[in-house]
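The values are calculated or read from the model by the stated rules, or taken from the named source; none is laboratory data. Note that the coordinates shown come from a computational prediction; the quantities given were computed from them, not determined experimentally. Here the Cβ positions follow ideal geometry from the backbone for every residue, glycine too, while neighbour counts run over all protein chains shown.
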C-alpha cells in the first residue's frame with residue numbers, strides 16, 4: 001500500500017507492518033517519516049527503548065550473503081528479548097542485491113521483526129518495487145512544489161503545495177498562520193523544508209514567551225532573514241508578457257536579495273544571476289519562436305505543445321506570452337539577450353547589474 005507522509009501516523013495506530021518503505025527525493029520528510037515509525041515502535045530518536053533495537057546497515061555494496069544474513073536476523077529473536085527492528089538507509093543497493101530472493105521473502109515475511117527501507121529513489125518498474133508496493137507499507141515523500149501550478153496562471157502566489165505544508169506545520173505546533181503570511185516566510189527563508197521547519201520552531205518559541213499563538217507578518221519580518229527565494233522565473237514571465245515595469249522591479253529585487261537555487265544555496269553574484277537569467281530566458285524564447293512558427297502552419301495548441309516539448313499544463317502560460325510577444329517583438333528580445341551574453345563575456349562595457357536591468361527595461 002502506498003501512502004503520503006501525512007497519512008503515516010494514522011496507518012500505524014493499530015500496528016506497525018513488518019516491512020516499510022520510505023522513498024522519495026525530500027530528505028526532511030524521509031527523516032520525519034522514520035521518526036514517526038520509531039515513535040510507533042516505542043523507540044527514541046537515537047538508541048533503543050523496550051524490546052526493539054535499531055540496526056542501521058549502510059553498506060555501499062551489499063552482497064547476497066549480506067542480504068541472507070539480514071533476513072536471518074529478522075527471523076531470529078533478539079538476544080535482549082523482543083524482535084529486531086532494522087533500518088537500512090540507503091536501501092537502493094540492497095534491493096538490487098538479489099531480486100529473486102526479495103521476491104521469495106516478500107511472499108513469506110517475518111512474524112515479529114521490522115525492516116524499514118529508506119531510499120531517495122526506487123525504480124517502480126522493477127519486479128522488486130512492484131512487489132514492495134503490494135507487500136509493504138510504502139511511504140512516498142515528494143518535495144512540495146513551491147509555485148502555483150502552470151495551468152493556473154492567475155493563481156495567487158501562495159496557492160501551491162509548499163504553502164499548504166508550511167500552514168500545516170504551523171498548525172501542528174499549535175500556531176495560527178494564514179497563507180499570505182506563510183508565503184512571506186517562504187520568500188524570506190527559501191524552499192528547504194529543514195530551514196522552514198527551523199524558522200517555525202523559532203517562531204513558536206518566541207510566541208510562547210509572549211503568550212500568543214498567531215504568526216503575524218511583523219513577527220516574520222523581525223525574525224527571518226531579509227532574503228527571498230529565486231525570482232528568475234518571475235523575471236522571465238514578466239519579460240515575455242511585455243510587462244517592463246514588473247520585470248524591472250523583479251530584477252531589482254533579484255539583485256538586492258539574490259536567488260535561492262534548487263539546493264537551497266543563495267546566489268548573490270550579479271554575473272551568476274545574469275547567466276542563470278539568460279539561460280532561462282533564451283530557453284523560453286526558443287519555445288515561443290517555435291510556437292509562433294507552428295501556429296502559422298495551422299497546428300492546434302495541444303498538438304504544437306507536444307511537438308515542441310511543452311507539457312500540457314504549461315499551455316495557458318505559453319498562450320499568454322505568445323499573444324503578448326508577437327514575432328517582431330520576440331526577435332528584438334532575443335537580440336537583446338544575445339547582445340547581453342556577448343557583452344558579459346567580452347568583459348568590457350556594462351556591468352552584469354546594468355545588463356540585467358537593460359534586458360528587463362527592453363533597451
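Quick one: would you say residue 102 is under 17 Å from residue 19 (Cβ atoms), out of contact with any strand residue (DSSP E or B) (no Cβ under 8 Å at 6 or more places or on another chain) and either assigned to a loop (DSSP other than H, G, I, E, B) or in the same structural domain as residue 218 (by TED's automatic domain parsing) (or both)? Write out each step before concluding.
Details: under 17 Å from residue 19 (Cβ atoms): yes; out of contact with any strand residue (DSSP E or B) (no Cβ under 8 Å at 6 or more places or on another chain): yes; either assigned to a loop (DSSP other than H, G, I, E, B) or in the same structural domain as residue 218 (by TED's automatic domain parsing) (or both): no.
When the stated conditions are applied, residue 102 does not pass them.
Looking at 9, 40, 33, which is the one that is under 22 Å from residue 193 (Cβ atoms), at pLDDT 90 or above, assigned to a helix (DSSP H, G or I) and within 19 Å of the chain's Cα centre (by Cα)?
33
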Item checked: Matching residues, segment 115-139, being outside any helix (DSSP H, G or I) and surrounded by fewer than 18 Cβ atoms within 10 Å (Cβ to Cβ) -> 120, 121, 123, 124, 125, 126
